[in-house]
């Protein structure tokens, strides 16, 4: 009795898996690869897009840029749209993982800010390999309960008053670039690694714990366990708008790390038309305003989308101000060699803390 | 006599084959093959993905010896394993003794259930529950301050003790179970004989009960020590900035930086070290048992 049932079960599994694989190859589906909870998988957005275009969206997620690159490398032809941080676009293009995009098919492309659309990180040999979507900052965020008035300097993290109530992300590149800002250096051309190391070493005793997801950060604030820490601008906005937490973003006078997220089309995509339609929808002002209002989001690369926000909106008023633009430094590609060096430093710091 | 034995063993193996097959098939497919792939990866410069070049190298193993970082972490993890095992013995052994020798019937079943109960819940749920208990303003802090006349501040979260507490809680049922089984098998009349021959309670414990239950203690200790040395979830969640251990660095190699070859090499070094420790301990333990 047992064996036939097992065989039946195995057959059923096999049939199910192959049916699933077949379905995945259907042309009218758009397979999107992005961070989880990052706009493209919002149920209302997916529903709107599907109703308007007739394509079906299938979302898949990654937890780190390396995982994203591995996923497109190991599943050629599976994905139609992939969200790539501009600093990684070079690497993806060099690995022949993404193809040039025909921007004339994207009606919203013309409204993208010229400096973002023309970014040398996304354009190679006169061809567009990435459509700028949103940009944001890795800056500081504070627990409003712990401050009478928001701090202005990054040095606040080192203030003994906050000992054991500081949080930073468990990420080598981010930590090192943050240390570069604190020691007054260019994040893309760090000359004095010892200064960075000294800064981070003295920060370690201040730290409560490391965060790796938005959820970690928000829980620490909800239970009032931290005062200040590094955070992403879009996440701080979501924490305030969506989760009603006492969080506000601080862009320190010393500067902040800026990043640009863009959409690309992988080589071998089976539904380029669907991919173009999806990317165009993602940079549409209507989608963006709804995303900001309902959930909270970083700043759109589309100037018309930002202008569609209320005048006092954080993403328009603060992030759009020329004063902020002067202070921020956009992240350039990081080589594997640098990455390994940063990781070694970061691990050493974490081990010596004991 | 010899013929009979031969027939007996042949008879023993053939009917047993269908019974063994599922387990060994499963072990081959689910453990042996992936593990072999990992051994292979650990000698490579890069993963053999589309368009990536790779070669064989010993560099991943050399990395362990060229940087003091990894050996420091390995020692920290071994110490963690020893401490957790010790606490499990201290807490688990008396409980197992009471279960096996003192309680009878219904009350034994009830207490047994209480010991095993946490075992049935998901590990992550247990760890996050500890996070709620241990943090400042958490359940322990609030409860103690409500009872005590003076104000104390309990914030164990994100510290080494928190990691120990979480791990001991997760693993103590192993110790209780293995010790319970051996303690229960000790004939009560041996204890009575010892007592009637003039041994004190303490002497009976040291000369009769502990030696006879040693196999259970050793099995429990090995079951606890090995996974704790490689643990990464508990240190990461409960340890905060002090939560970097050998296991978390291996996890980072796989999840955060996608350096599978180095992660695999580090894992096999851990496996080798654990095997050496168990092998060195074996003669001593066998004698004790």
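The numbers here are math on the coordinates, done by the rules we state, and not lab data. Source: prediction; values computed, not measured. Glycine gets a Cβ as well: all are built from the backbone with ideal geometry, and neighbour counts include every protein chain shown.
Here are the numbers for this structure:
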read-out	value
Extended-chain gain in nm, criterion 0.36 nm per residue less alpha-carbon gap, residue B:119 and residue B:23	32.2 nm
Value of Rg/Rh across the protein assembly as shown [Cα atoms, Kirkwood radius]	1.03
Most to least packed among A:279-292, B:15-28, B:211-224 [average Cβ atoms within 10 Å]	A:279-292, B:211-224, B:15-28
0 to 90° range, to nearest 10: angle between helix A:336-352 axis and chain A longest Cα axis	50 degrees
Folded to 0 to 90 degrees: helix A:285-294 orientation relative to chain A principal axis, Cα	60 degrees
Max mean-square fluctuation residue, GNM over chain A, Cα-Cα springs under 10 Å, options A:299, A:221, A:81	A:221
Cα-Cα pairs of chain B separated by more than 28 Å (percent)	57 percent
Approximate spin-label separation residue B:107-residue A:70, in nm, with each point projected 7 Å along Cα-to-Cβ	5.4 nm
Helix-only CD estimate at 222 nm, as mean residue ellipticity for chain B, using -39500 (n - 2.57) per DSSP H run (n ≥ 4)	-24000 deg cm²/dmol
Within the protein assembly as shown, percent of DSSP bridges classed antiparallel, to nearest 5	60 percent
Two-site label geometry, residue B:286 and residue A:244: point separation in nm, points 7 Å out along Cα→Cβ	6.7 nm
Partner chain coverage, peptide B:234-244 - average Cβ within 10 angstrom	5
Highest-first arrangement of A:40-49, A:200-209, where packing means the average Cβ count within 10 Å	A:200-209, A:40-49
Chain A: mean projected area of Cα convex hull, nm²	21.4 nm²
Cα-based helix-to-principal-axis angle, A:193-203 vs chain A, degrees rounded to 10	80 degrees
Rh by Kirkwood over Cα pairs, then Stokes-Einstein D for the range A:297-354 at 1.002 mPa s and 20 °C, µm²/s	146 µm²/s
Cα gyration tensor of the range B:98-143 - equivalent ellipsoid semi-axes, whole Å, descending	30, 14, 7
